[in-house]
1. Can you give the Rg to Rh ratio for the chain, taking only C-alpha atoms and Rh from Kirkwood?
2. I'd like the distance separating the alpha-carbon centroids of region 13-87 and region 327-353, in whole Å.
3. How about Lys70: which lysines have a C-alpha closer than 21 Å to its C-alpha, ignoring those fewer than 8 places off in the same chain?
4. Taking only Cα atoms, what is the 0 to 90° angle, nearest 10, from helix 384-396's long axis to the longest principal axis of the chain?
5. Not counting the cut sites, what is the longest span of the chain without chymotrypsin sites (Phe, Trp or Tyr not before Pro) that DSSP labels loop and that have at most 12 other Cβ atoms within 10 Å?
6. Note down the magnitude of the dipole of the chain about its Cα centre, charges +1 on Lys and Arg C-beta and -1 on Asp and Glu C-beta and zero elsewhere, to the nearest 20 debye.
7. Only helical DSSP H runs with n ≥ 4 go in: add -39500 (n - 2.57) per run for the chain, normalise by residue count and round the 222 nm mean residue ellipticity to 500 deg cm²/dmol.
8. If you filter region 126-175 for trypsin sites (Lys or Arg not before Pro), then keep DSSP loop positions with at most 10 other Cβ within 10 Å, what is left?
Amino acid sequence: MAKLNENYLNIKQSYLFSEIAKRVNDFCDANPDKKVIRLGIGDVTLPLGSLVIDALHKAVDEMSKAETFKGYGPEQGYDFLRNSIKEYYKRNGVEVDLDEIFVSDGAKSDTGNITDMFSTDNVVLVPDPVYPVYVDTNIMNGRKIIYMDGTAENGFLPMPDDSVKADIIYLCSPNNPTGAVYNKEQLKAWVDYANKNDAIILFDSAYECFVAEPGLPRSIFSIEGAKTCCVEFCSLSKTAGFTGTRCGYTVVPKAIVKKTSDGRELSLNHMWNRRQTTKFNGVPYIIQRGAAAVFTEEGMDEAKAMINTYRKNAKLISDTMDELGVKYTGGINSPYIWFECPFGMYSWDFFDKMLNEIQVVGTLGAGFGKNGDNYFRLTSFNNYENTKEAMERFKTLFK
Ligand SMILES: *Cc1c(COP(=O)(O)O)cnc(C)c1O
């Protein structure tokens, strides 16, 4: 008899997002005259930059001629793109080797697929609140997960605790959903913990391009010692609007080498290369050309202009919170603003209040873990006019 992976029974069903959609739809049906503003969007909304579009068109044309047609490409990504990524790291003061860079169809797949590299008896440490992919992919493999609390007291930046024994640690900075960012000293403490405990940090830096304050790390590899214990996941999704176009990259340092139970050595970089060449046939050539355009100087300017548009919206939201005296994290170095629900409300009650009284939709903190129960996330991915109107309406809740 074929036996199915019963670990799937242990994944929490995500009723939350469908319930949000249902409540919004019901409201709209009952109130067709009311304009609902969505600040729950977890996706970019601006179109791709013109240089990306040009590069995509050019690559499509190349595919139409026998001389320039491309079939299977290297599973790890074309060298033209890996070189651009290497140079991008270099401009940010980080040296990585070409064969440490793996181009992929996005950070979600890689953060999930990396679990293939690890034995199921590892203890996995994840922050709460957290991006749900880390938790669910490990539950699918039957791994034990322990949580570390992100709270107002620690600024939603949990720090290592020497009494906790973890083998694999997920960190996401700037964070989704809280927008909080670790500074260098804090990340150094994590890297030291990982090296001391022979653990591995899986560092999700999907939002690195939102880091605005100087001195804040955009890559875990800007921290001394990270090359022996960290894997970094990056994506063009938020950097350049590639959520639907799909391109990311993962850096797996060659210095991560672990002893097997019988004393042999395994290199994580070799394993990941083997995994990708076996189970993945690379990102489409056309998409990689579009991605390479992002890493040119002009391409980066275009990407920055997009980020700045979102930043302006984030500032509108955070300025409103400041004015109202609502405490929040995020906004400055992140498209997300995370705040405690006002009036001592639970997030579902606050969600209903926002929807019914001011027709603004956000995301319940409860969707990201128990520490989010009284919290709420607004995003800067709507347009300026809508964000402004939403904030004017938001203020009326406090009158
Ligand atoms: C959006 C996001 C990503 C990017 O995922 P892609 O698969 O590259 O689109 C990764 N991690 C987090 C936490 C995100 O919010």
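The values are calculated or read from the model by the stated rules, or taken from the named source; none is laboratory data. For clarity, every value in this text was computed on a predicted model and none was experimentally measured. Counting neighbours? That spans all protein chains shown, and the Cβs are built from the backbone with ideal geometry, glycine included. Protein only, heavy atoms only, side chains kept; ligands, DNA and RNA dropped before computing areas. Shrake-Rupley method; radii C 1.70, N 1.55, O 1.52, S 1.80 Å.
1. Details: Rg = 21.7 Å, Rh = 22.3 Å.
The Rg/Rh ratio comes out at 0.97.
2. 26
3. Reachable lysines: Lys58, Lys279.
4. Orientation of helix 384-396: about 50 degrees from the principal axis.
5. Working: sites that count: Phe69, Tyr72, Phe398.
Here the longest run is 73-397.
6. Working: 45 positive and 53 negative charges, 68 e Å.
In debye, rounded to 20, the chain gives about 320.
7. Mean residue ellipticity at 222 nm (helix-derived): -11500 deg cm²/dmol.
8. none
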